[in-house]
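Down below is the structure, laid out as structure tokens.
The values are calculated or read from the model by the stated rules, or taken from the named source; none is laboratory data. Source: prediction; values computed, not measured. Don't worry about glycine lacking a Cβ; one is built from the backbone with ideal geometry, like all the others, and counts go over all protein chains shown. Side chains are part of the model used for accessible areas, which takes the heavy atoms of the whole protein and leaves out ligands, DNA and RNA. Shrake-Rupley method; radii C 1.70, N 1.55, O 1.52, S 1.80 Å.
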Amino acid sequence: MLTKTKKIVAIVIALLAVITFIVCYAPSHSYSSKLHNIVEVKDSDAQPSSFYTNLTVKEDGTYQISADWMNDVTPGFVTGLVVYSESGEAVFSITGGTLTADSTVMELDKGKYSFKFTTLGSKEAYMDYAREHFKEGEIGEIDADFFKPGTYEMDYSVSINESRESAKFISLICGAIVGLLIVALIIVASRKDTAVANKYDERQIAAQGIAYKYSFITMIVYYTVLALVSIMEPAIPVDNSLLTFLGVLIGGGVFITYVILKDAYFRLDENRTPLIVFFSIFSFLNIAVGIIHIVRKTVFENGMLTLTGTCNLTCGIFLLYMLVIIIIKGFMDKQED
């Protein structure tokens, strides 16, 4: 068996192993419901005043309750939500004009859970509701001008999702491993067995060394600025993990730009066409998934842009940038010829 074939088989086996682990580890219990309602606010009264939906949890376990009514237009009323267990115990409460919110991770028994939505058309109604369902320190302030007469179309989405410890972290790690294995598979498959040289030459290695230096300096500057900005504690709605990841991508972008323009990215035994096709497909797939996250409004968590919600989009943009640089380099080479 050829060395190239052995490498391809090994990578495919590793890919299957990681995918199998993801499937086995992924939470299997998820329950959701969506509602569409037209709410009319008139004379400080909102109608319908309340409405319900139910979700049935089939097994005892650890879960997280999620609620979303982040509509395009902010309504002139507040919606309150209380989730009750089958025994009548309130397990989760939240209010907001528009919101995306998750509960803390909690132990839930199997059974039916009732989601009661209450529409509040005035500040007085909101304060009465808040005093009934929240402790005094948890009651938020709201301006009376927030409440406005009108007819509002609202889309509500609620879910109860099984939660596993470090599930997001493990899914990110597994996703990164799958991505790296796919890249390795494409690279190995694109290399020519008949090529005379199968390494980078001295000029390419020297160019890569300079690119590493520029990349390192760029990342040092980025993280220094980030540290100084964090001291000032500005209200930036971006999660720290995403800010850290952006620093890695920026440093990688500097490296990629230099080595591609200096013709030091591709090895002498590599066929560039499959790699370019791969970058194109993988880039647009990631961007498409990122757009889906934006449409579903899952890029935010508690009002913050998160790494889990934007990872696909940022990686897709990075790969698209690589593709653009490769195309620019090809155009420059043709001009020189």
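Observations, loosely collected:
- Cβ pairs under 6 Å, 6+ apart, first in the range 44-70 and under 18 Å from G80 (Cβ atoms), second at pLDDT below 90 and not in a loop (DSSP other than H, G, I, E, B): S66/D102; A67/A101; D68/T100; M70/T100
- Condition check for V277: under 30 Å from G330 (Cα atoms) and either touching a Cys at 6+ places or on another chain (Cβ under 9 Å) or at pLDDT below 85 (or both): yes
- Extreme residue, modelled with the lowest pLDDT, among residues of the range 291-337 that are at negative phi and charged (D, E, K, R): D337
- Filter pass, L172 being touching a helix residue (DSSP H, G or I) at 6+ places or on another chain (Cβ under 6 Å) and either touching a residue at least 60 places away in the same chain (Cβ under 8 Å) or closer than 21 Å to Q47 by Cβ (or both): no
- If you go through the range 1-14 and keep only what is touching a residue at least 12 places away in the same chain (Cβ under 8 Å) and either loosely packed, with under 12 Cβ neighbours inside 10 Å or under 11 Å from A184 (Cβ atoms) (or both), you end up with L2, K7, I8, I11, V12, A14.
Residue by residue, here is whether (1) over 26 Å from the mean Cα position of the chain (by Cα); (2) within 19 Å of F279 (Cβ to Cβ) holds:
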{"residue": "V178", "(1), (2)": "no, yes"}
{"residue": "I186", "(1), (2)": "no, yes"}
{"residue": "D201", "(1), (2)": "yes, no"}
{"residue": "A206", "(1), (2)": "yes, no"}
{"residue": "M232", "(1), (2)": "yes, no"}
{"residue": "I236", "(1), (2)": "no, no"}
{"residue": "G253", "(1), (2)": "no, yes"}
{"residue": "Y258", "(1), (2)": "yes, yes"}
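- Matching residues in the range 134-150 - criterion: being modelled with pLDDT under 85, assigned to a helix (DSSP H, G or I) and among the charged types (D, E, K, R): E136, E138
- When N161 is tested against (1) modelled with pLDDT of 75 or more; (2) part of a helix (DSSP H, G or I), just one condition goes unmet, and that condition is (2).
- Across the range 299-312, the number of residues qualifying as in contact (Cβ under 8 Å) with a residue 40 or more places away in the chain and closer than 17 Å to G175 by Cβ comes to 5.
- Any hit, the range 238-256, residues being open to solvent by 50 Å² or more (accessible area, probe 1.4 Å), β-branched (V, I, T) and at pLDDT below 90: no
- Residues being part of a loop (DSSP other than H, G, I, E, B), closer than 18 Å to V91 by Cβ and not β-branched (V, I, T) - total across the range 101-133: 3
- Some residue of the range 15-31 being more than 28 Å from Y113 (Cβ to Cβ) and either open to solvent by 90 Å² or more (accessible area, probe 1.4 Å) or of a type in the set (K, R) (or both): yes
- Flag for I317 being touching a helix residue (DSSP H, G or I) at 6+ places or on another chain (Cβ under 8 Å), without any contact (Cβ under 8 Å) to a residue 40 or more places away in the chain, open to solvent by 50 Å² or more (accessible area, probe 1.4 Å) and in a helix (DSSP H, G or I): yes
- Of residues in the range 210-237 being touching a residue at least 12 places away in the same chain (Cβ under 8 Å) and of a type in the set (V, I, T), the one surrounded by the most Cβ atoms within 10 Å (Cβ to Cβ): T218
- Selection from the range 34-75 of residues that are open to solvent by 60 Å² or more (accessible area, probe 1.4 Å), closer than 14 Å to D155 by Cβ and at pLDDT below 90: M70, D72, V73, T74
- Given (1) in contact with a helix residue (DSSP H, G or I) (Cβ under 7 Å, 6 or more places away or on another chain); (2) open to solvent by less than 10 Å² (accessible area, probe 1.4 Å); (3) of a type in the set (S, T, N, Q), index of the condition T79 fails: (1)
- Residue count for the range 164-179, restricted to those that are modelled with pLDDT under 75 and aliphatic (A, V, I, L, M): 2
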